[in-house]
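In what follows, a single structure is set out as structure tokens and then discussed.
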Amino acid sequence: MKGVVAVLVLVSIFIYSAMDLITVRYQQRLLYNDLVRAQNVEQKLNQVWSYLQLERANLTSTAYINTVMAQKLNLKPADIGQIIYIKDSELHKHNSVIGKE
């Protein structure tokens, strides 16, 4: 009788262990699938980030700014005679006059 009970206990432990192994493998597969999805999202985000960096570099380039300035805003670079240089001392005088008003 004791032998039959021992065998039943061992069989039940074996079945429990097998079921637990199946559950752990299933959870492992779910986690692996989540990891692969996250890696795919990371790769897509890295591609978008690279594209945005390239686009920012193009949009902030001097050549692009000059093109937009000339075509869309109808502006042209200032001639040398149109440029006014202000000395630092003159700027401070102007600011002090404005502050008194």
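The values are calculated or read from the model by the stated rules, or taken from the named source; none is laboratory data. Note that this is a predicted model, so its numbers are computed, not measured. Methodologically, a virtual Cβ is constructed for each residue, glycine included, from the backbone with ideal geometry; neighbour enumeration extends over all protein chains shown. Calculation scope for accessible area: heavy atoms of the full protein, side chains included, ligands and nucleic acids excluded. Shrake-Rupley method; radii C 1.70, N 1.55, O 1.52, S 1.80 Å.
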Picking from Ser12, Ser89, Ser50, which is most flexible by a Gaussian network model of the chain using Cα springs under 10 Å?
Ser89
I'd like the carbon and sulfur percentage of the solvent accessible area for the chain, probe radius 1.4 Å, heavy atoms only, ligands and nucleic acids excluded.
65
Express in Å², to the nearest 10, the accessible area of Asp34 obtained by rolling a 1.4 Å probe over the protein heavy atoms while all chains stay in place.
80
Where labels lie 7 Å past Cα in the beta-carbon direction, separation of Ala78 and Tyr16 in nm:
8.6
Could you put Met19, Met1 in order of accessible surface area, largest first, with the 1.4 Å probe and the full protein assembly present?
Met1, Met19
Positive end of the dipole of the chain, charges at C-beta (+1 Lys, Arg; -1 Asp, Glu), about the Cα centre: which of Ala6, Leu31, Asn46 has its Cα farthest in that direction?
Ala6
Considering only Tyr16, Tyr85, Tyr64, give the residue with the highest GNM mean-square fluctuation for the chain, with springs between Cα atoms whenever their separation is below 10 Å.
Tyr85
Just to be sure I understand the model, the point goes 7 Å from the Cα along the line to the Cβ. What's the resulting Val41 to Ile65 distance in nm?
3.7
Cα radius of gyration and Dmax for the chain (Å):
37.3, 114
Checking Leu35, Leu73, Leu91 against a Gaussian network model of the chain (alpha-carbon springs below 10 Å), the top fluctuating residue turns out to be Leu91
Which angle between 0 and 90 degrees, to the nearest 10, do you get for helix 88-100 versus the longest principal axis of the chain when only C-alpha atoms count?
90
With every protein chain present, what is the per residue accessible area of the chain (1.4 Å probe, Å²)?
98
